[in-house]
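J.: Would you mind keeping the following structure in view while I ask a few things?
The values are calculated or read from the model by the stated rules, or taken from the named source; none is laboratory data. Source: prediction; values computed, not measured. Because the Cβ atoms are built from the backbone with ideal geometry, glycine has one as well, and the counts that use them run over all protein chains shown.
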Amino acid sequence: MLAIKSETGPALVSGAFDVTFGQFEKVAEAAVIFDGPNDADEVYEATRSIATNVVTITVKKMTVSETNTWGAAITTDVALKTFTVIADGL
């Protein structure tokens, strides 16, 4: 069975936030997509990890410059972005 949850402007802790799918005992697979206003000279990446029925989304940000490096995003970075998680659960 599939379930979908969306959150706009999630509060990040160390660059991550959790999405709990209480209707499942276990999430077997999950995908994350995000959308929002483009930020000049910044690129974002969202990855996911799964533990029981909780999907943890980790958001990284890179400022495009001469020395590009990824770092953890902070809450203000994603304030206007919507993250949608699609989960397949048991």
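J.: Mind counting the residues in the range 66-75 that are in a loop (DSSP other than H, G, I, E, B) and surrounded by fewer than 19 Cβ atoms within 10 Å (Cβ to Cβ)?
T.: Total satisfying the criteria: 5.
J.: Any residue in the range 58-76 that is touching a residue at least 60 places away in the same chain (Cβ under 8 Å) and closer than 16 Å to D39 by Cα sitting within a Cβ distance under 6 Å of a residue that is surrounded by 11 or more Cβ atoms within 10 Å (Cβ to Cβ) and of a type in the set (K, R)? List the pairs, counting only those 6 or more apart or interchain.
T.: Partner pairs satisfying both residue conditions: A73/K61.
J.: So I4 ticks every box in (1) under 16 Å from A87 (Cα atoms); (2) of a type in the set (V, I, T); (3) surrounded by 11 or more Cβ atoms within 10 Å (Cβ to Cβ) but one. Which box is left unticked?
T.: It fails just one condition, (3).
J.: Of all residues in the range 22-47 being acidic (D, E) and either assigned to a strand (DSSP E or B) or in contact with a Leu (Cβ under 7 Å, 6 or more places away or on another chain) (or both), which is modelled with the lowest pLDDT?
T.: Restricting to residues being acidic (D, E) and either assigned to a strand (DSSP E or B) or in contact with a Leu (Cβ under 7 Å, 6 or more places away or on another chain) (or both), the top hit is E42.
J.: Let me spell it out: the conditions are (1) in contact (Cβ under 8 Å) with a residue 12 or more places away in the chain; (2) under 16 Å from the mean Cα position of the chain (by Cα), and A51 meets all of them except one. Which number is the exception?
T.: So A51 meets the others, but not (1).
J.: OK, next. Just give me the residues in the range 58-90 being among the β-branched types (V, I, T) and at pLDDT below 95, in sequence order.
T.: Once the filter is applied, which keeps residues that are among the β-branched types (V, I, T) and at pLDDT below 95, the range 58-90 yields T63, V64, T67, T69.
J.: Given the conditions (1) loosely packed, with under 12 Cβ neighbours inside 10 Å; (2) touching a Leu at 6+ places or on another chain (Cβ under 8 Å); (3) within 15 Å of F17 (Cβ to Cβ), and given that V78 satisfies all but one, which numbered condition is not satisfied?
T.: Condition not satisfied by V78: (1).
J.: Looking at this structure, is T69 closer than 20 Å to V13 by Cβ and touching a strand residue (DSSP E or B) at 6+ places or on another chain (Cβ under 8 Å)?
T.: no
J.: Can you tell me which residue in the range 37-52 is nearest to T82 (Cα to Cα), limited to those that are of a type outside the set (D, E, K, R) and in contact with a Ser or Thr (Cβ under 6 Å, 6 or more places away or on another chain)?
T.: Residue satisfying both the conditions and the ranking: T47.
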